[in-house]
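First the structure, in the form of structure tokens, and then the observations on it.
The values are calculated or read from the model by the stated rules, or taken from the named source; none is laboratory data. Bear in mind that the values here come from a model prediction, so they are computed numbers and not experimental data. All Cβ positions, even for glycine, are placed from backbone atoms using ideal geometry, and neighbour counts span all protein chains on display. SASA here: full protein model, heavy atoms, side chains in, ligands and nucleic acids out. Shrake-Rupley method; radii C 1.70, N 1.55, O 1.52, S 1.80 Å.
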Amino acid sequence: MDQSLYETVQESSTPERRAFFDAVTYLGDGWTAVAVALGLRGRDPRTADMVGTAFLRAGLAVNVLKLVVSRPRPTEDPAKCGKYGWGLSHCGSFPSGHSATAFSVAHVLAHRYPEHKGLFYTLALLAAWSRVEVQAHWPSDVVAGALIGLLAADSVIHQASGR
């Protein structure tokens with residue numbers, strides 16, 4: 001299913017659509033998460049801390065899974081995946097870090113600012129899906145990354161509420 005969905009997306013791509021997703025993909029970048037946390041620092045330090053912690057937890061989980069799973073990206077040659085030792089190799093497709101980042105930030109922001117949750121989740125969804133559109137990930141990588149981001153943020157939200 002991954003292959004057929006990925007191919008369908010690529011076949012229906014247009015230059016305008018690609019340009020849009022080339023720009024939107026940065027919403028899931030780690031630097032964007034850092035900018036959000038720093039931007040909130042002066043006005044809402046608690047939310048800034050929650051965003052930063054969720055982003056870091058999601059990033060840790062993503063990077064461990066990338067090492068263990070070592071799935072090639074759609075445009076990556078599996079034979080060229082580097083070896084780290086201890087049986088670990090690195091192809092960086094599974095799971096999507098951009099998706100995990102986008103959803104970890106969106107979930108915290110939606111919790112803290114529920115009046116804007118539609119906007120936060122829409123931006124996260126666009127950032128996550130952009131990874132398929134720009135040929136960086138398989139659809140299942142994006143879904144897994146989004147789930148990791150939601151779980152990481154949920155753990156921070158529960159911790160902050162004392163549960």
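Quick check on residue 37: is it open to solvent by less than 60 Å² (accessible area, probe 1.4 Å), part of a helix (DSSP H, G or I) and out of contact with any Lys or Arg (no Cβ under 6 Å at 6 or more places or on another chain)? Working first, answer last.
On the way: open to solvent by less than 60 Å² (accessible area, probe 1.4 Å): yes; part of a helix (DSSP H, G or I): yes; out of contact with any Lys or Arg (no Cβ under 6 Å at 6 or more places or on another chain): yes.
It is true that residue 37 is open to solvent by less than 60 Å² (accessible area, probe 1.4 Å), part of a helix (DSSP H, G or I) and out of contact with any Lys or Arg (no Cβ under 6 Å at 6 or more places or on another chain).
Only one of 89, 96 is modelled with pLDDT of 90 or more and among the small types (Gly, Ala, Ser). Can you tell me which? Before you say what the answer is, go through the steps one by one.
Working: 89 fails: modelled with pLDDT of 90 or more.
Every option except 96 fails the conditions.
Looking at the structure I just gave you, is residue 119 open to solvent by 10 Å² or more (accessible area, probe 1.4 Å) and within 26 Å of residue 3 (Cβ to Cβ)? Don't jump to the end; show me each part of the working.
Numbers: open to solvent by 10 Å² or more (accessible area, probe 1.4 Å): yes; within 26 Å of residue 3 (Cβ to Cβ): no.
When the stated conditions are applied, residue 119 does not pass them.
Considering each of 17, 43, 57 in turn, give the residue that is surrounded by 12 or more Cβ atoms within 10 Å (Cβ to Cβ) and more than 18 Å from residue 106 (Cβ to Cβ). Talk me through it step by step, then tell me what you get.
Working: 43 fails: surrounded by 12 or more Cβ atoms within 10 Å (Cβ to Cβ); 57 fails: more than 18 Å from residue 106 (Cβ to Cβ).
After applying the criteria, what remains is 17.
Looking for whichever is within 13 Å of the chain's Cα centre (by Cα), of a type in the set (Val, Ile, Thr) and in a helix (DSSP H, G or I) here; the options are 62, 68. Which one fits? Break it down stepwise before answering.
On the way: 68 fails: within 13 Å of the chain's Cα centre (by Cα).
Being within 13 Å of the chain's Cα centre (by Cα), of a type in the set (Val, Ile, Thr) and in a helix (DSSP H, G or I) holds for just one of 62, 68, which is 62.
Which pairs do you get when a residue that is closer than 19 Å to residue 151 by Cβ, found in region 41-54, comes within reach of a residue that is of a type in the set (Asp, Glu), reach meaning Cβ atoms under 9 angstrom, with the pair 6+ apart or on two chains?
Short answer, once both residue conditions are applied: 54/154.
Just to be sure before I move on: is residue 129 in contact (Cβ under 8 Å) with a residue 12 or more places away in the chain, out of contact with any helix residue (DSSP H, G or I) (no Cβ under 6 Å at 6 or more places or on another chain) and open to solvent by 20 Å² or more (accessible area, probe 1.4 Å) in the structure I sent? Steps first, answer last, please.
Details: in contact (Cβ under 8 Å) with a residue 12 or more places away in the chain: yes; out of contact with any helix residue (DSSP H, G or I) (no Cβ under 6 Å at 6 or more places or on another chain): yes; open to solvent by 20 Å² or more (accessible area, probe 1.4 Å): yes.
Taking the combined requirement at face value, the residue satisfies it.
Considering only region 136-163, state which residues are of a type in the set (S, T, N, Q) and exposed (fewer than 15 other Cβ atoms within 10 Å of the Cβ). Walk me through it before giving the result.
Applying the first criterion (of a type in the set (S, T, N, Q)) to region 136-163 yields 140, 155, 159, 161.
Of everything in region 136-163, those that are of a type in the set (S, T, N, Q) and exposed (fewer than 15 other Cβ atoms within 10 Å of the Cβ) turn out to be 159, 161.
Using beta carbons and a limit of 9 Å, which pairs, at least six apart or on different chains, have the first residue in region 1-28 and at pLDDT below 95 and the second one open to solvent by 80 Å² or more (accessible area, probe 1.4 Å) and in a helix (DSSP H, G or I)?
Final answer for the pair search is none.
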